[in-house]
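Reading through the structure tokens given below for one structure.
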Amino acid sequence: MPFVNVIKNALISVSDKANIVEIAKTLIKNKIDLFSTGGTSKFLRKNKISVTEISDYTKFPEIMDGRVKTLHPKLMASILRRQDQDQEIMKLYDIIPIDMVIVNFYPFEKEQFVKENNIDDIINNIDIGGPTLIRAAAKNYKNVIVVVDLSDIPLIINSIHNNTMNIEKRFYLADKAFQYTFSYEKIISQFFTKKNTFKTDNQNNLFPKKINFSFIKKQDLRYGENQHQKASFYVESEILTSGTISSSNQIQGKCLSYNNISDADTALECVKEFTKPACVIVKHDNPCGVAVSNSLLESYLLAYQADPISAFGGIVAFNSVLDSKTAQEIIKKQFVEVIIIPEIKTSALKILKEKKNIRILVSGKIKKTKKGLDFKKITNGLLVQEHDYNNIDYKKWKFVTKRNPTKQELTDAIFCWKIARFVKSNAIVYGRNQVTIGIGAGQMSRIYSTKLANIKVKDQGFNVIGATMASDAFFPFRDGIDSAASVGISCIVQPGGSIRDEEIIQTANDYNIAMIFTNQRHFKH
């Protein structure tokens with residue numbers, strides 16, 4: 001039978017009723033009769049829209065407080081019927097063909113975060129009929145238009161008018177429908193996994209046998225790592241909290257690139273480590289300047305002065321409200337690609353608008369992330385691990401040299417150790433008075449990362465006497481200690497664990513360097 005593009009009957013069953021009145025009026029204007037479930041039909045009738053209630057069509061009432069209302073053979077047959085072979089059975093049982101199904105689900109993803117809801121209240125918001133209607137309509141996409149995104153209605157109506165509601169468009173809508181049901185099931189599955197208290201010997205909830213992803217496109221990007229690469233930005237569908245790059249809102253500037261987002265994420269996660277006013281400047285996914293001080297302005301100036309050459313074209317993140325004085329200094333000091341802040345004052349935004357290409361991301365209230373998994377894609381595979389969270393308990397650190405660190409050295413050791421987690425391995429961080437003065441990153445040997453940090457402090461003319469050094473992993477040889485001592489480092493914090501630890505400790509003693517073992521490594525590849 002040739003394809004017939006006639007739409008006579010539409011079923012509407014929605015939890016989110018935003019814009020549904022206007023859509024219903026549009027359908028009626030196009031001579032499409034409406035069928036609906038109890039709550040939606042009452043809402044439409046209240047707005048003076050003619051609609052047939054499903055229970056009147058099936059001659060079977062909604063029962064069990066609405067838990068059963070659309071699961072009826074007659075309604076399923078209306079959706080699953082085939083134009084070319086089911087006419088006789090439809091006449092026999094007085095089945096009306098449903099040509100369009102418009103459905104969205106109970107907001108399970110929101111209900112699970114309502115604190116006063118108990119588990120029974122949350123589970124009661126698992127939609128049963130809605131997914132069944134959508135799956136049936138999507139399966140029968142050749143005969144039924146399925147709508148889960150109300151913004152598709154104008155496309156559908158125009159296509160009906162122009163007789164261009166072809167198989168390709170129907171298949172596109174069916175694809176969106178199955179993506180919608182898949183995402184919904186994933187959210188429910190994750191909730192049950194979290195609540196599941198029954199464990200078997202072979203069960204590992206952290207690393208399940210199969211991982212299913214559900215991400216929603218947030219935006220297309222200017223380009224990927226390079227301009228010849230196309231790129232887009234996707235976020236987890238269940239993200240509801242603020243304080244991340246994924247949930248941030250861009251209020252100014254041109255479109256972000258792949259590298260902008262990657263660098264911004266590093267900058268924001270690093271600045272979260274500090275409670276006092278802090279600034280982190282990132283370049284090529286490595287911190288190049290970090291400072292903690294009593295004011296945001298002073299923190300920015302110190303972070304910028306730590307490495308002004310690398311700061312050019314960098315990403316700047318703050319952990320508190322951006323004020324006008326700090327905004328003015330940024331404009332004066334450097335070319336900046338992105339600024340990330342939890343909040344911005346109107347006066348500061350007015351200043352930054354002078355440079356309209358500066359991208360400004362407002363993250364909302366920030367707090368340290370304490371759980372989750374980290375993923376790395378490889379060819380035909382995926383590496384999965386826990387995030388490397390830096391829960392510092394310096395009281396468990398070991399002071400392994402004859403001289404213990406001073407109070408300032410210990411403060412700087414904690415500061416540098418926090419930053420080392422965000423620097424590509426091999427990572428060396430020099431800091432003094434909670435300001436970075438030299439960072440060596442991404443070298444194939446630890447000694448060359450140390451030499452790189454030495455070059456930076458010498459080029460900048462920093463006073464290194466009394467500064468602290470952090471290393472993300474142990475020193476395999478004494479050469480790194482010798483190199484650090486040559487510029488004036490007086491305290492070193494590192495994991496320990498080398499077979500040459502005794503030699504390393506003795507070398508530190510020879511230079512009167514205080515050395516701390518954390519017993520925790522922070523490689524970042």
* Return one number: the angle in degrees, 0 to 90 and rounded to the nearest 10, between the long axis of the Cα atoms of helix 129-139 and the longest principal axis of the Cα atoms of the chain. => 80
* Structure fact -> With residue 315 itself left out, Lys, Arg at +1 and Asp, Glu at -1 over residues whose Cβ is under 13 Å from its Cβ give -3
* Please state the charge dipole magnitude for the stretch 9-194, taken about the Cα centre, from unit charges on C-beta atoms (+1 on K and R, -1 on D and E), reported in debye and rounded to the nearest 20. => 340
* Nitroxide proxy distance, nm - points 7 Å out along Cα→Cβ at residue 396 and residue 213 -> 3.2
* Structure fact -> The extension gain from residue 33 to residue 150, computed as 0.36 nm times the residue separation minus the Cα-Cα distance, is 40.3 nm
* To do: Using per-residue counts of other Cβ atoms within 10 Å, averaged over each peptide, order 312-318, 249-255 from highest down.
  => 312-318, 249-255
* Sites residue 56 and residue 8 - FRET efficiency at Förster radius 22 Å, r taken between beta-carbons, to 0.05 -> 0.80
* What fraction of the DSSP beta bridges in the chain is antiparallel, stated in percent and rounded to the nearest 5? -> 55
* Of the listed peptides 163-171, 360-368, what is their order by residue-averaged count of other C-beta atoms within 10 Å, with the highest listed first? -> 360-368, 163-171
* Structure fact -> Using alpha-carbon positions, the gyration tensor of the stretch 394-517 gives root eigenvalues a ≥ b ≥ c; with a/c under 1.5 called rounded, otherwise prolate if a/b exceeds b/c, else oblate, the class is rounded
* Given charges of +1 on the Cβ of Lys and Arg and -1 on the Cβ of Asp and Glu, with all other atoms neutral, how large is the dipole of the chain about its Cα centre, in debye to the nearest 20? -> 580
* Take 279, 270 and order them by how many other Cβ atoms sit within 10 Å, fewest up front. => 270, 279
* Would you mind checking which residues have amide H under 5 Å from residue 288's amide H? H placed 1.01 Å from N; only 5 or more apart, or other chain. => 281, 282, 283
* Calculate the spin-label point distance for residue 94 paired with residue 185, positioning each point 7 Å from the Cα along the beta-carbon direction, and give it in nanometres. => 3.6
* Return a whole-number percent for the relative contact order of the chain, with Cα pairs under 8 Å and 6 or more residues apart as the contact set. => 8
* Structure fact -> Between (1) 23.6; (2) 24.3; (3) 27.3, the structure-derived Kirkwood radius over Cα pairs in Å is (3)
* Asked: What angle do you read, to the nearest 10 degrees and between 0 and 90, between the alpha-carbon axis of helix 446-460 and the longest principal axis of the chain?
  -> 80
* Listed residue (315, 248, 326) projecting farthest to the positive dipole end of the stretch 236-348, Cβ model -> 326
* Within the chain, helix-based [θ] at 222 nm, where runs of 4 or more DSSP H residues each add -39,500 (n - 2.57), nearest 500 -> -10500 deg cm²/dmol
* How far apart, in nm, are the 7 Å Cα→Cβ label points at residue 86 and residue 168? -> 2.7
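Every number here is computed from the coordinates shown, using simple stated rules; none is lab data. Treat the numbers as computed from the prediction; the structure is a model and nothing was measured. Please note: Cβ atoms are built from the backbone with ideal geometry, for glycine as well, and neighbour counts cover all protein chains shown.
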